[in-house]
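Encoded as structure tokens, the structure appears first; notes follow it.
The values are calculated or read from the model by the stated rules, or taken from the named source; none is laboratory data. Owing to the predicted nature of the structure, the values given are computational and were not obtained by experimental measurement. FYI the Cβ positions are ideal-geometry reconstructions off the backbone, even for glycines, and counts take in every protein chain you see.
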Amino acid sequence: MQFLRRRTRPASRLGAIVLTAGLALGAVGCTHENDRASDDAQVESEPSATKNPPSDARDYPDFAPQDYTYLLEVLCYCPQVGAVRVTVEDGKVIDAVSTTGEAQGQPAPEFARLSINDIIARANDPRVDEAEVTWPAGQDHPSEVVLDQLRMATDDEVTYAIKDVTFSEG
């Protein structure tokens, strides 16, 4: 009786394929597609989220106050830093500090050093594929902006949650 020998593939080859695919997918998320900005904005009368119109013409109005502080949470494929206390003077961010977790009291990363107008500008940017803006009726700023930077791309979405806006006396 003759024994047939079978050729088998080493398990390490399959492992290498899985590892390569995982590394490739991880690298896709390390882009800087969230670093886009523009100008302008529009207030919606409903307190619910609004998507950009089919014409992609977004025109959310600017936030008029120039001196204020607020809590910002940025949710994206980026390091999560929790809530950040952002201080704005003369329309420019002068300070941004993490308020929670291990980074509490530390300067916030650049992607979280944004004024409310910086966030509105990103919602207005025509290069952003889709923007959902939650702008409560009677409020002069959005409470949440959700952006999908590129159609059919993964790990490019970013959410900005705006809370506890207080105005500086002056």
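Quick notes on this structure:
- Summed over the stretch 135-150, residues that are over 15 Å from the mean Cα position of the chain (by Cα) and of a type outside the set (S, T, N, Q) total 6.
- Filter result for the condition that a residue is in contact (Cβ under 8 Å) with a residue 60 or more places away in the chain and either buried (at least 16 other Cβ atoms within 10 Å of the Cβ) or touching a Pro at 6+ places or on another chain (Cβ under 7 Å) (or both), over Val88, Val84, Val74, Val97: Val74
- A residue that is touching a Gly at 6+ places or on another chain (Cβ under 7 Å), on the phi > 0 side of the Ramachandran plot, in a loop (DSSP other than H, G, I, E, B) and modelled with pLDDT under 95 occurs somewhere in the stretch 76-89.
- Just one of the listed residues (Ala96, Ala103, Ala131) is assigned to a loop (DSSP other than H, G, I, E, B) and of a type outside the set (Phe, Trp, Tyr), namely Ala103.
- In the stretch 154-165, the residues that are surrounded by 13 or more Cβ atoms within 10 Å (Cβ to Cβ) and either of a type in the set (Val, Ile, Thr) or in contact with an Asp or Glu (Cβ under 8 Å, 6 or more places away or on another chain) (or both): Asp156, Glu157, Val158, Thr159, Tyr160, Ala161, Ile162, Val165
- Residue within the stretch 110-121 that is modelled with pLDDT under 95 and in a loop (DSSP other than H, G, I, E, B) present: no
- For the stretch 101-118, the criterion of being out of contact with any helix residue (DSSP H, G or I) (no Cβ under 8 Å at 6 or more places or on another chain), within 23 Å of Arg58 (Cβ to Cβ) and of a type in the set (Asp, Glu) is satisfied by at least one residue.
- Residues (among the small types (Gly, Ala, Ser) and modelled with pLDDT under 95) located in the stretch 138-168: Gly138, Ala153, Ser168
- Some residue of the stretch 144-153 being without any contact (Cβ under 8 Å) to a residue 60 or more places away in the chain, basic (Lys, Arg), surrounded by 14 or more Cβ atoms within 10 Å (Cβ to Cβ) and not in a strand (DSSP E or B): no
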